[in-house]
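Laboratory data are not the source of any read-out in this text; all were calculated from the coordinates shown. Everything numeric in this text was worked out from a predicted model, so none of it was measured. Reconstructed Cβ throughout: ideal geometry from the backbone, glycine too, with neighbour counts over all protein chains shown.
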Amino acid sequence: MKILGIETSCDDTSVALYDSERGVAENLLSSQVELHDQFGGVVPELASRAHLVNLLPLVDHLLRRQEMEPGDLDGVAVTNGPGLIGALLVGLSTAKALARAANVPLVGVHHLEGHLLANALSGELVLPAVFLVVSGGHTELIYVSEVGRYERLGGTLDDAAGEAFDKSAKLLGLPYPGGPHIDRLAAAGDPQRFKFPRPLIKDPRLVFSFSGLKTAVRLTVEDLPRPYQDQDIADISRGVQDAIVEILCRRLFQAAAEKRVPAVYIAGGVAANGALREAVANQARRRSLHFSPPERVYCTDNAAMIAYAGWEHLRAGCRADLDLDSFARAPLTSWR
Ligand code: KG4
Ligand code: ZN
């Protein structure tokens with residue numbers, strides 16, 4: 001089966017082709033980072049307009065490279081939520097038009113399911129498993145017994161982990177999104193100089209909180225002499241990253257122990273973070289749990305993960321109608 005995937009939930013326009021015999025045949029991305037950087041974050045209306053300009057040319061480019069017509073597809077999978085509603089609508093209406101014109105099935109994919117299943121693009125999934133989904137909008141622990149069966153175990157009470165990275169980076173004057181910059185700069189940072197709080201770390205529940213961390217970073221940055229020295233920025237980056245990684249790891253392995261699973265996974269943009277990947281790998285090894293990190297291109301928003309998830313739906317006989325709606329917020333629910 002050849003499934004076209006479309007992802008426009010935030011600021012990346014992405015289209016991909018998943019071929020169940022060949023794997024990911026295409027994964028094209030048009031980033032809007034430069035457009036939003038001047039505003040220090042994503043401007044929803046600008047994101048929608050940019051998707052509108054970029055999406056059809058990307059689809060066209062993909063089909064031409066693959067020497068395919070829309071009618072050669074076996075399905076069109078699209079992220080229909082959660083995300084920015086205007087941005088989602090651009091992807092959803094395009095997917096509906098393509099599916100209708102080519103007379104092929106349409107599938108709506110929950111963005112978090114896409115992130116979870118991105119792990120299947122880098123190797124066979126070991127299930128049941130606990131997944132930590134960490135992105136700019138989400139920090140969630142999800143128990144997956146099989147593809148299509150999801151149980152939310154816990155999540156953040158305030159900011160997402162990616163937001164904690166991005167807001168700290170903004171305080172340091174780094175470009176948006178700041179996560180990858182903190183990842184890079186932290187390598188030269190002194191781990192002893194700044195010890196930031198680990199909010200709720202003693203709480204027995206599977207919860208996260210990052211808003212206190214952001215405040216602590218703001219107070220630290222305000223105390224720094226201007227102009228900031230490169231070493232100051234590296235040391236704060238290191239302190240922030242160490243705090244976030246420790247909080248995330250603690251909860252992931254707590255959840256894995258509670259659910260007695262043989263495997264753990266990480267997903268979402270923050271799963272590209274080098275320190276998180278290393279810390280999870282080390283702890284998983286110590287506890288004899290299976291773990292293999294997803295390829296970095298499949299951590300941040302991409303349509304390959306949506307096309308793959310769409311294929312899972314279709315081969316289980318699930319498809320959407322043309323009245324499929326988009327949604328800004330909603331938890332991931334089971335469909336199997
Ligand atoms: O999954 P994603 O592309 O979009 C959402 O669904 O939100 O995640 C984007 C988030 C941003 O907050 C970004 O700073 C963060 O992922 N991120 C990182 C890294 N790469 C992306 N955070 C830490 N280290 C990274 N290497
Ligand atoms: Zn995402």
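What to note about this one:
- A straight Cα-to-Cα reach below 14 Å connects Lys214 with the aspartates and glutamates Asp158, Asp159, Glu163, Asp166, Glu222, Asp242, residues fewer than 8 places away in its own chain not being considered.
- Axis of helix 85-102 versus longest Cα principal axis of the chain: the two differ by about 30°, to the nearest ten degrees.
- Each of Tyr150, Tyr143 was scored by other Cβ atoms within 10 Å of its Cβ. Arranged with the fewest first, they read Tyr143, Tyr150.
- With both residues required to sit in the chain, DSSP beta bridges show an antiparallel share near 60%.
- Cβ-based net charge around Ser135, under 11 Å, with every Lys or Arg adding one and every Asp or Glu removing one: -4
- DSSP beta bridges confined to the range 126-293 are antiparallel in about 60 percent of cases.
- Part-to-part distance (alpha-carbon centres) for the range 1-74 and the range 216-281, which is given in Å: 30 Å
- Gaussian network model of the chain, Cα within-10 Å springs - most flexible of Ala25, Ala161, Ala169: Ala25
- Fluctuation leader among Pro177, Pro225, Pro105 - the chain, Gaussian network, Cα springs under 10 angstrom: Pro225
- Here is how the number arises for the chain: DSSP H runs of 4 or more residues each give -39500 (n - 2.57), the sum is divided by the residue count, and the result at 222 nm is -13500 deg cm²/dmol.
- Once C-alpha pairs closer than 8 Å and six or more residues apart are averaged by separation and normalised to the residue number of the range 126-293, the relative contact order reads 30 percent.
- Computed over the alpha-carbon pairs of the chain, the distance histogram in 20 Å steps reads 32, 56, 12, 0 percent, short to long.
- Positive-pole candidate from Ala328, Phe291, Trp311, dipole of the range 286-336, charges at beta carbon: Phe291
- Sequentially through the range 133-142, phi angles give Karplus couplings (6.51, -1.76, 1.60; θ = phi - 60°) of 9, 10, 9, x, x, 9, 9, 9, 10, 10 Hz, Gly and Pro residues having no value and appearing as x.
- Close amide H pairs (under 5 Å, H built 1.01 Å from N) link Ala77 with Leu4, Gly5, Ile6, Val107, residues at least 5 positions away or on another chain.
- The orientation-averaged projected area of the convex hull spanned by the Cα atoms of the range 152-287 comes to 8.1 nm².
- Amide H contacts of Glu26 (H built 1.01 Å from N, under 5 Å, at least 5 apart or other chain): Leu17
- Relative to the dominant Cα principal axis of the chain, helix 274-286 is inclined by about 90°.
- Set of lysines near Lys259 by C-alpha distance (under 29 Å), chain-local residues within fewer than 8 positions excluded: Lys202
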